[in-house]
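Below: one structure, written as structure tokens.
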Amino acid sequence: MSSPDENTDISQNKFLFRLSIIQMIPAVVGIFIAIVALFAALNESDAVRKQQQAAVWPHLQVDRSNTSTDQNVGLSLTVRNRGIGPARVRAASVSLDGEMLMSWDDLFSRLNPISERSYPRTDSRVGSSVLVPSDDVVVISLNTDVYAQYDLASLNDVATREDTETLILSLRSAFSEDRVTMELCYCSVFDDCWHVSNIDRDPKPVQNCSGYSNENNF
């Protein structure tokens, strides 16, 4: 049989145990509330971050257009920002049949090697530029009507109208057959980056643009 002192000790231990459990409940509840509050804060922070990113989301696209009239045969390639935030272009490149090129002249000489003269054109370098929303940059444009506007036939270093038209038609064919690819890598002001081309027109997220070359004249 247990002595009275032993029964008293047992009762006291049970009481202290119950008391400790009761005291622990508020602490557990407090920890639970803190975890819920932290989770809510993280979710809210993530939502705010996504809203900020969406508010400055750039969307570049590479568009090609052709002109065919009795007076003019032309081709142009335009980079447009159709997003709602500025696009910082980190790299721009052009390739023919998978081989990287250094300039438009490099492309022209490969498509129309017969003529060694320069082709009248307008072009802009889009690499390392910033395109604000609704910005359009014509990166290359060739038109035969320029021969009617200016006396180019007297210039020995300029290609003839016939050679320029041949080049334009060769460019159209190469673009239509996906032989020519213009690629861009660009980032938002928050350094979210994308890759896009005239072939894959839906921008794909990339970690950064370090893997894309910009050592050319595009």
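Quick rundown of the values:
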item: Tally of residues being small (G, A, S), surrounded by 19 or more Cβ atoms within 10 Å (Cβ to Cβ) and assigned to a loop (DSSP other than H, G, I, E, B) across the range 91-133; result: 1
item: Top-ranked residue in the range 185-218 [being in contact (Cβ under 8 Å) with a residue 24 or more places away in the chain and touching a His at 6+ places or on another chain (Cβ under 7 Å); ranked as farthest from V137 (Cα to Cα)]; result: P203
item: Residue in the range 50-57 that is within 30 Å of V146 (Cα to Cα), modelled with pLDDT of 65 or more and in contact with a Gly (Cβ under 8 Å, 6 or more places away or on another chain) present; result: no
item: Only listed residue being among the polar types (S, T, N, Q) and modelled with pLDDT of 95 or more, chosen from N156, N112, N217, N198; result: N198
item: Strands (runs of 3 or more DSSP E) within the range 149-218 that include 2 or more residues open to solvent by 30 Å² or more (accessible area, probe 1.4 Å) and among the polar types (S, T, N, Q); result: none
item: Tally, over the range 135-148, of residues that are modelled with pLDDT of 95 or more and surrounded by fewer than 13 Cβ atoms within 10 Å (Cβ to Cβ); result: 1
item: Any hit, the range 178-191, residues being among the polar types (S, T, N, Q) and over 14 Å from R121 (Cα atoms); result: yes
item: Number of the exception - R179 against (1) in contact with a Ser or Thr (Cβ under 6 Å, 6 or more places away or on another chain); (2) over 15 Å from L60 (Cβ atoms); result: (1)
item: Selected residue (criterion: nearest to A174 (Cα to Cα)) from residues of the range 61-90 that are assigned to a loop (DSSP other than H, G, I, E, B) and out of contact with any Asp or Glu (no Cβ under 7 Å at 6 or more places or on another chain); result: T69
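The values are calculated or read from the model by the stated rules, or taken from the named source; none is laboratory data. Note that the structure is a prediction, hence the values are computed from the model and not measured. Cβ sites come from the backbone with ideal geometry, for glycine too, and all protein chains shown count toward neighbours. Areas reflect the complete protein model, heavy atoms only, side chains present, ligands, DNA and RNA absent. Shrake-Rupley method; radii C 1.70, N 1.55, O 1.52, S 1.80 Å.
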